[in-house]
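Structure record follows, encoded as structure tokens.
The values are calculated or read from the model by the stated rules, or taken from the named source; none is laboratory data. Since this is a predicted model, take the numbers as computed values, not measurements. FYI the Cβ positions are ideal-geometry reconstructions off the backbone, even for glycines, and counts take in every protein chain you see.
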Amino acid sequence: MKVLLVSLYHPELVRGGAQTVAYELFRGLRELPEIEPVLLASADQTTPALFKSGARITGFDGRENEFLFLAQEYDHGWEKSGSALLAEAFEDFLRLIAPDVVHFHHFMTFGIDFLTLARRVLPAARIVFTAHEFLTICAADGHMLRRHEKALCGKASPVRCHQCLPERPPEQFFLREMWMKRHLQAVDAVTVPSRFMIRLLADWGLAGPKLTHVTNALAMPPAKPAPARARRNRFGFFGQLVDVKGLQILLRAVSLLRAEGFLDFRLEINGGNLNFASEECRGEIEAFLAEEQKRPAAKRLVQFNGGYHQDQLPALMARIDWCVVPSLWWEAFCLVLSEAWHCGRPAIATDAGGLAERVTDGKDGLLFPRGDERALAETMKRACTEAGLWDSLAAGIKEPARREEMAQGYLRVYRGGKADAKRRKESATFCEQKVAKKL
Amino acid sequence: MEPAARDTVRFDEETYLRLNPDVRLAVAAGIFRSGLEHFQRYGGPEGRLLARPERLAPDRVVFTAPPGVRRGTLKPPACAIDMVKFSPAGGVFLHGWVDDELDRLESVDLYLPNWLAAFDGASLARLRRPDVEEAMGCRHAYGFFGFLFAARGLTGGACSVVLRMKSGAEAHVLLAAEPVGDEALRELALGCIAGAQFPGNPYFDSVAAIAPMIGGQLVKFNNLLSRRAVSAPYVERFGARGRYRASLIVCLYGRPEYVFLQAAMFSAQAGIGDYEFIYVVNSFWIAEMVLKEARRAARIYGLDITVMVPAGNAGFGAANNAGAEHAASDRLLIVNPDVFPRTDGWVAAHDAVVAQRPEGEARMFGAPLYYDDGSLMHAGMYFELDRMPELAGGAVGGAGLLRVEHYGKGAPPETAALLRRRRVPAVTGAFMSTSRPWFESLGGFAQDYIFGHYEDADLCLRSLAAGCPVWLHDLRLWHLEGKGGVRAPQHEGAAVVNRWLFTESWKETVQNGLLGPVPGREEFRP
């Protein structure tokens, strides 16, 4: 079985969860004897040196079955490219590779309409789409987070979306939904990394039988076991320093603890991309860190380590007891949680979405109300002071899914069933049949 | 003794100037050397006073000039000409203001090296000018503009403008007549209508202002531009070329994204492979994007698409007519860019109406259209007549203006009475399905309406006049009314001209049994 994995960026060019998982899957599938995976990962003007004159798809750094899609003219409003040449190049590539499965790990930089293009070019192929967030539903970065009231959004509608993005009229969201659903018609299966996403996507109108849960997984370097310690008062934050990751909530919790005189803890921040945060959020984080720097070393509670590579994770995790995940959005899966668990560190996490689904409060971690810095401060204080809590929670952690498990999960989706094949045949439109005949 | 000689003998300079103050002013201004000169040249024949009458009736006004004679030095009116512009095709636009509160403007004459034009004062549109009103301290429609169409090329140069008043007084302004492009001049004139501050209710006053002359001249001018724009359009074909069951003709203005949106939505319909798409691009600045999207759509959806780019904004009527000429089918679907199928099986349902309904029901028909909020926005159209109260007579009267209304606008989506198959006075051009031979026998859409509006009702009324009323069939579509294009001031100005033209063309017909949601004519009764 030949599987084409279409990935938003190559994780070695631009870091991010979706591309990391896509690449892990590529590596996982490569280990299976009956599967021939091909990776088509996008690059854009963040890596201009990789663009070759007149080329639209190229190889990648001499690696077998890894290709770069050189994205251009991408319209984030409609999630499509304006380039006819790229559509033609993708079509030619599909014909050349002739995969049995086309698995889109994202559509951004390619275009949601490439799902339909793939279906038209390969009427018999199985097309799979993995939703790493809710970008099909939500034009506000796919976070389903109500921007003006900072609440989680459970339902998109033209008026509600217009309230989040007032520069766009309600009709545009009506069209966007039709546009997205039109292209998702071309897909045989939609997979999600957390089960709660199924409900939101089904409520939005995506056919239930198409929706399947397949966990994300990472192959991680061996972790160091956490040494016994008298006090479990070291916290760590890992991830991108953008609004929805909620670092600002964590810093406010630190300020609250400091204000009440509770100083017997430390926090290490690991991550980058602060430049992608909103001005307000960036200002708050930078002001806190600057203030912290002014304090005498002995009185500092927070240390900023900057970005990190995955190979550094065991060492960074070894310096903390708790992994704090204060995300403000639904958090579709949270790879950081897998990394923390792999290293035996319990999490203190927001009680929503993928985090609430994966963390069992009091069993393998602690949950606190989303966006509530006071509750987080109290939880951190409890984590530092309650005897035996850390040991109990650490003992409750289960090893996260391995890459092989993820690959096997997707393999089941790729194989589908006879009912899927029949449905595919029946759902082909007159136009598509006509075109298929011409071809 | 001859009177002149007698008067001369009795002439006293100081008395004459005292009794004829306008002459004193003229002498002071150097127009006459003396009162005597004035008397000899004009005053004598006019019978001017030379001395105080011996007996004057007390407490009464005594007229010294014969009835109808207005003596005195004619005072030029305060005025300004803001611009005189002309275009290569022969459009002439005049804009200015004049203080004619007491002495009405008779005409404005333009004298140029190679041509002249006389604007009748009564044919000029009058508007308020807050800046002039502030300076004059009085509320009055000082402003004016006019438009003429010479139907042949004009040249510019120094332009002498003479404003003549009813009294005979004249003002003279010298300025340069500026050449502008034809479309720019149309935009300028229509934008002026849109932005004008009319003395009363703008809905009525705007039409009244252009009715005497400007409206007709603009229609002729625009007609020329429309014909010229579609005379040799750029045409490119994407996909295959063959014979089709139907041709969707879409007139685009300013919003290229509707090409890929419509392609995506319509291509999901079974049977759409037997339909072709023809996009006529009325805004050249999106042409490149439209061509690119059509190329992509042919690839992604396998659709056959023709893109036509006229050499300017041809307007809705001319653009659709041009699209129809390129159609490779005998069924034309006039579709707005923001119209999409609302149900699966829409194409099959449309085919069934065409193939299975009696010919008269399928020659020309429309469909229920829905807003994005789910409510109905169109289930046929009917006509109303708006009348401005005629204040002088104390009654409702005046010329009246036709208004086109939609049945069921905002109604619940499943209102059976609105959705049933039936004849209607008209259907919207947002979606209209018509037999091509019938469409052509009617001469297609009228091209007199500027940019777009009323062509649909006009066509339906012509179909009715030719013996075939239009029908409404339950083939539901979405229509994001007003979101398919971009509106600019000239479009508002065009709407005024079109309202006037539609009323001029159809008022009598509509008043004869087609007025209101339940028209008197038998075929439209429930």
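Some notes on this structure:
- Extreme residue, modelled with the highest pLDDT, among residues of region B:478-494 that are buried (at least 24 other Cβ atoms within 10 Å of the Cβ) and of a type in the set (A, V, I, L, M, F, W, C): B:Ala494
- Residue among B:Arg499, B:Arg462 that alone is over 15 Å from the mean Cα position of the chain (by Cα) and part of a helix (DSSP H, G or I): B:Arg462
- If the condition is being closer than 17 Å to A:Phe129 by Cα and free of Cβ contacts under 8 Å to residues at least 40 places away in the same chain, then region A:207-236 contributes A:Ala207, A:Gly208, A:Pro209, A:Lys210, A:Leu211, A:His213.
- Among residues of region B:240-282, those that are among the aromatic types (Phe, Trp, Tyr), more than 8 Å from every other protein chain (Cβ to nearest Cβ), without any contact (Cβ under 8 Å) to a residue 60 or more places away in the chain and closer than 20 Å to B:Glu481 by Cα, counted: 1
- Residues of region A:85-102 satisfying the condition of being touching a Phe, Trp or Tyr at 6+ places or on another chain (Cβ under 7 Å) and either hydroxyl-bearing (Ser, Thr, Tyr) or away from every other protein chain (no Cβ under 14 Å) (or both): A:Val101
- Any chance A:Lys181 is farther than 30 Å from A:Val413 by Cα and either outside the structural domain of A:Leu337 (by TED's automatic domain parsing) or touching a strand residue (DSSP E or B) at 6+ places or on another chain (Cβ under 8 Å) (or both): no
- Residues that are farther than 15 Å from B:Ala298 by Cα and crowded, with 18+ Cβ neighbours inside 10 Å, drawn from region A:82-95: A:Phe93, A:Leu94
- Scanning region A:58-81 for residues that are in a strand (DSSP E or B) and crowded, with 17+ Cβ neighbours inside 10 Å yields A:Glu66, A:Phe67, A:Leu68, A:Phe69, A:Leu70, A:Tyr74, A:Lys80, A:Ser81.
- Looking at B:Val335, B:Val307, just one residue is within 14 Å of another protein chain (Cβ to nearest Cβ) and under 25 Å from B:Leu459 (Cβ atoms), and that residue is B:Val307.
- A:Arg424 modelled with pLDDT under 95 and farther than 30 Å from A:Leu247 by Cβ: yes
Conditions (1) within 30 Å of B:His95 (Cβ to Cβ); (2) of a type outside the set (A, V, I, L, M, F, W, C), marked per residue:
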site	(1), (2)
B:Gly195	yes, yes
B:Arg237	no, yes
B:Ala240	no, no
B:Val250	no, no
B:Tyr279	no, yes
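- If you check B:Ala349, B:Ala297, B:Ala318 for being more than 23 Å from B:Gly482 (Cα to Cα), at pLDDT 95 or above and more than 10 Å from every other protein chain (Cβ to nearest Cβ), only one passes: B:Ala349.
- Taken over region A:200-214, the criterion of being in a loop (DSSP other than H, G, I, E, B) and surrounded by fewer than 20 Cβ atoms within 10 Å (Cβ to Cβ) is satisfied by A:Gly205, A:Ala207.
- Cβ-Cβ under 8 Å pairs, at least 6 apart or on other chains, region A:246-272 side assigned by TED's automatic domain parsing to the domain that holds A:Cys334, far side assigned to a loop (DSSP other than H, G, I, E, B) and β-branched (Val, Ile, Thr): A:Glu268/A:Ile320
- Options A:Ala87, A:Ala71: the member that is within 24 Å of the chain's Cα centre (by Cα), assigned by TED's automatic domain parsing to the domain that holds A:Phe173 and in contact (Cβ under 8 Å) with a residue 12 or more places away in the chain: A:Ala71
- Test: residue in region B:56-66 that is under 30 Å from the mean Cα position of the chain (by Cα) and surrounded by fewer than 20 Cβ atoms within 10 Å (Cβ to Cβ): no
- Check on A:Thr116, in contact (Cβ under 8 Å) with a residue 24 or more places away in the chain, among the hydroxyl-bearing types (Ser, Thr, Tyr) and either more than 14 Å from chain B (Cβ to nearest Cβ) or part of a loop (DSSP other than H, G, I, E, B) (or both): no
- Of all residues making up region A:119-136, the number that are among the basic types (Lys, Arg) and in a helix (DSSP H, G or I): 2
- Among the candidates B:Val173, B:Val207, B:Val162, B:Val180, residue that is β-branched (Val, Ile, Thr) and free of Cβ contacts under 8 Å to residues at least 60 places away in the same chain: B:Val162
- Sole residue being closer than 28 Å to A:His103 by Cα, within 14 Å of another protein chain (Cβ to nearest Cβ) and among the aromatic types (Phe, Trp, Tyr), chosen from A:Phe134, A:Phe129, A:Phe174: A:Phe174
- Residue check, A:Arg168 more than 19 Å from A:Leu115 (Cα to Cα), in a loop (DSSP other than H, G, I, E, B) and either in contact (Cβ under 8 Å) with a residue 12 or more places away in the chain or not small (Gly, Ala, Ser) (or both): yes
- Taking region B:283-308 as the range and being without any contact (Cβ under 8 Å) to a residue 60 or more places away in the chain and crowded, with 24+ Cβ neighbours inside 10 Å as the test, the residues that pass are B:Val290, B:Glu293, B:Ala294, B:Arg296, B:Ala297, B:Ile300, B:Tyr301.
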